[in-house]
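Some notes on the structure that comes next.
The values are calculated or read from the model by the stated rules, or taken from the named source; none is laboratory data. Predicted model only: the values in this text are computed from it and were never measured. Ideal geometry is used to build each Cβ from the backbone, glycine not excepted, and the neighbour counts take in all protein chains shown. With ligands, DNA and RNA removed, areas are computed over all heavy atoms of the protein, side chains included. Shrake-Rupley method; radii C 1.70, N 1.55, O 1.52, S 1.80 Å.
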Amino acid sequence: MTRDNRDLLGRRRFVQAALAAGAIGAARPAAGGPADVRVGLYSITYGGVWYRGDALTIEQVIGRARKFGYDGVEIDGKRPHGNPLDMPRARCQDLRKIANDQGIEIYAVAANNDFSSPIPEHRESQLVYARELMRMTADLGVKLMRVFLGWPGVTSLPQGGGRYDFAQAVWKAEHKDFSDEQTWAWCHRCLVEAAGFARDLGITLALQNHPPVIDRGYLDALKMVSEVASPHLKICFDARLEHSLDEAAVRRAVNEIGALQTLWHFGGEYDRGPGGIVLKGDEKCLGEMLGLLDIGYRGYAGFELCHPLPVVDGRTVGLEFVDKNAQLAAEYMRGVLAEAKKRRAGQV
């Protein structure tokens, strides 16, 4: 048996055991009738890290979302967009009005938190950050905040651009003398406390199936949600992170997650070809969309451009490259939604 097959078998056994114990609602469809999948723009796309040029303001991101046909915006929970230090209640209310006036919903805030540190002061600082970001989320009138278990971070370079490897090396060195079980326990304790903050503020946390700490994808996300056992903790499922799954397996995974799925991130690079929009990357969007229609998902598919971008003639691409991809991504996802609906209709 291959490792991938063992992983899939382990996933199925976990989900079956959890369902038998009543620990998760993975097999239940989302409440509220037919699916309503909307397309959102995650502001990290315009954060000024990966392309040549300055970050856009949130107001400008909202304008881009309207221009390119998005339904809403997800605010990245750090500078220059959504650090709670810069977002008193009045600023939050102003942004909400600006978005509403343009027909754009601010549908989520994304935390860049790390609950995994072996250093107590670091974990406690991250809890304060998460709590303040939840306050900001509530002040924006938003009900959903994406969270990680562990997040090493990203390093912005003085000459422009960014790198993940510096922060990843620090994270690995910090954890090298501690077991995975111990790291998991630190994350669990922090997330239990964070879910309590979310309850008090009337919001829901969406745990993304993102490494590190989570190294078995949605299986680990389901496991943590089951252990925390709070109605204020659900899942942000990103099919790009499920490297061992094909489109059909992604669809099955979404059905297993069921009502716990409350946010979806996707991202890639696109071009317009003679036959339509051409995707660069392995997004598995059709499999996820089919699964979302299966479960009656009512929420957002949020586009993010958050990786090192091409270098052309010795220079990293600029804002025009980001604009092109943001526009094509919205068109692409609406095409995926139409194709998924067509396929499901043909199955009836």
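If the Kirkwood radius is taken over C-alpha pairs of the stretch 91-185, then at 20 °C and 1.002 mPa s the Stokes-Einstein diffusion coefficient equals 138 µm²/s. A simple spin-label model places pseudo-atoms 7 Å from Cα toward Cβ; at residue 178 and residue 79 they are separated by 2.7 nm.
Distance distribution P(r), the stretch 54-138, all Cα-Cα pairs, bin width 5 angstrom from 0: 3, 14, 24, 22, 16, 10, 6, 4, 2, 0 percent. Once the Cα-Cα distance is subtracted from the 0.36 nm per residue extended length, the residue 227 to residue 155 segment shows a gain of 22.7 nm. For the stretch 236-348, the fraction of alpha-carbon pairs lying more than 20 Å apart is 44 percent, rounded to a whole number.
Under a no-solvent Debye model with one identical scatterer per Cα of the stretch 162-279, what's log10 I(q)/I(0) at q = 0.09, 0.13, 0.15, 0.20 Å⁻¹? At q = 0.09, 0.13, 0.15, 0.20 Å⁻¹ the computed log10 ratios are -0.33, -0.65, -0.82, -1.19. Dividing the radius of gyration of the alpha carbons in the stretch 241-289 by their Kirkwood radius gives 1.04 for Rg/Rh. For the chain, the solvent-accessible area works out to 45 Å² per residue, with a probe of 1.4 Å and every protein chain left in place. Residue 121: net charge of surrounding residues, Cβ under 14 Å, Lys/Arg +1, Asp/Glu -1, itself excluded? Summing Lys and Arg as +1 and Asp and Glu as -1 gives -2. Any chance you could check the Cα centroid distance between the stretch 92-134 and the stretch 167-190 for me, in angstrom? Centre-to-centre (Cα) distance: 22 Å.
In this simple spin-label model, placing a label point 7 Å from the Cα along the Cα-to-Cβ direction at both residue 91 and residue 125 gives a separation of 2.0 nm.
The simple Förster model, with R0 at 22 Å and r as the Cβ-Cβ distance, assigns residue 277 and residue 345 a FRET efficiency of 0.50.
Run the dipole for the stretch 207-332 about the Cα centre, Lys and Arg Cβ at +1, Asp and Glu Cβ at -1, nothing else charged, and hand back the magnitude in debye, nearest 20.
For the stretch 207-332, the charge dipole is close to 220 debye.
Taking Lys and Arg as +1 and Asp and Glu as -1, the other residues whose beta-carbon sits under 11 Å from that of residue 188 total -1. For the residue pairs 97/234; 280/324; 143/234; 172/234, the alpha carbons lie more than 19 Å apart in 97/234; 172/234.
Taking all protein chains in place and a 1.4 Å probe, what share, in percent, of the accessible surface of the stretch 63-193 do carbon and sulfur account for?
51 percent
Rounded to the nearest 20 debye, the dipole magnitude of the stretch 132-237 is 300 debye, with +1 charges on Lys and Arg beta carbons, -1 on Asp and Glu beta carbons, and the Cα centre as origin.
For residue 271, what is the net charge nearby, where nearby means another residue's Cβ is under 10 Å from its Cβ and Lys, Arg count +1, Asp, Glu -1? Could you put the intermediate results ahead of the total?
Working: positive: 272, 280, 324; negative: 269.
Summing Lys/Arg as +1 and Asp/Glu as -1 gives +2.
What whole-number volume per residue, in cubic angstrom, does the convex hull of the C-alpha atoms of the stretch 136-205 give?
Cα-based convex hull of the stretch 136-205, divided per residue, equals 108 Å³.
Dimensions of the chain along the principal axes, based on C-alpha atoms and rounded to the nearest Å, stand at 55, 51, 41, largest first.
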